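The structure under discussion appears below in the form of structure tokens.
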Amino acid sequence: ETKAGDLVSIYKASIEKAIEELMKRTMEIGNDANNLARALKNESKTQGNWGELILEKLLESSGLEEGVHYDRQTTIRDNSGKPIFHDETGKRLIPDVIIHYPDGKDCIIDSKVSLSDYLDYCNAETDDTREQALKRHITSIRKHVKELAGKDYSSYIQPPHQRLNYTIMFVPNEFATQLALQNDRLLWREAFDKGVFITSEQNLLALLRMIQIAWTQVQQARNQQEVIDQARKLLDRISDFTE
């Protein structure tokens, strides 16, 4: 009976300790989640880093190769190699990504996160607060469009690269993007007229895959040409040998 009682006590203590550890870990997870939510909502730099991370993952999953098909966080430079500075801000022009098309054209992708007002919209408890959050969210998207249009990245791309007349503004949240576009039908068109192409994850991934397919076709064509060239050289040597 004594041994059985000791085993019960030990087992009970083990369960209590396990429950205590579980509760402690649950509280830590809750605190971490709250801290993350506050960081994403209040810290613009953290939001920016998060957006760049999502963009990086999309590029990796598209099959494009960094340093060949695109460059990340690269300072735009002139023909002599000197960094180019923005005319108004005086800061270096460092877009998130420069995509290289097979035909020599370059396209800028810049991540712009609009999360704070979107979270307010999702957490709103009344129709009025939800409506106000939606207006702020759309205003935030418009502000990013204006900022990106003002930088006019594409105009600074130097030969031999050719520039496209628009910049892709990547908003790394499908629901937040669609919420703004569906509730302001003019938003997308107004941005496009300013040379800014608003896109979310699904559309951007589709675009990146199309570029990757184009690069694959170009590479296949180059390989075929190399085979033809080698075959021609071989025939020439056979002809010389026969003569």
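Brief remarks follow.
- For the residue pairs 57/135; 135/194; 105/135; 112/194; 91/146, alpha carbon separations beyond 25 Å are given by 57/135; 105/135.
- Geometric descriptor of segment 195-243, per residue, is 53 Å³ (volume of the convex hull of the Cα atoms).
- Order by protection proxy (mean Cβ within 10 Å, highest first), peptides 205-217, 118-130: 205-217, 118-130
- Rounded to the nearest 10 square angstrom, residue 92 shows an accessible area of 120 square angstrom against a 1.4 Å probe.
- Förster radius 41 Å - calculated FRET efficiency between residue 103 and residue 237, Cβ distance, rounded to 0.05: 0.75
- Inter-probe distance in nm under a simple model that places probes 7 Å from Cα toward Cβ, at residue 57 and residue 71: 2.7 nm
- Check: segment 119-234 dipole with +1 on Lys, Arg Cβ and -1 on Asp, Glu Cβ, in debye: 620 debye
- One way to sum up the overall shape of segment 102-230 is the equivalent ellipsoid from its Cα gyration tensor, whose semi-axes run 38, 17, 9 Å, largest first.
- With the whole protein complex present, residue 100 retains an accessible surface near 30 Å², based on a 1.4 Å probe.
- A crude spin-label estimate for the pair residue 182 and residue 203, with each label 7 Å from Cα along the Cβ direction, gives 1.5 nm.
The values are calculated or read from the model by the stated rules, or taken from the named source; none is laboratory data. This structure is a prediction, so every number in the text was calculated from the model and none was measured. Cβ coordinates were reconstructed from backbone atoms using ideal geometry, including for glycine residues, and neighbour counts include every protein chain displayed. Surface accessibility is based on the protein's heavy atoms, side chains included, excluding ligands, DNA and RNA. Shrake-Rupley method; radii C 1.70, N 1.55, O 1.52, S 1.80 Å.
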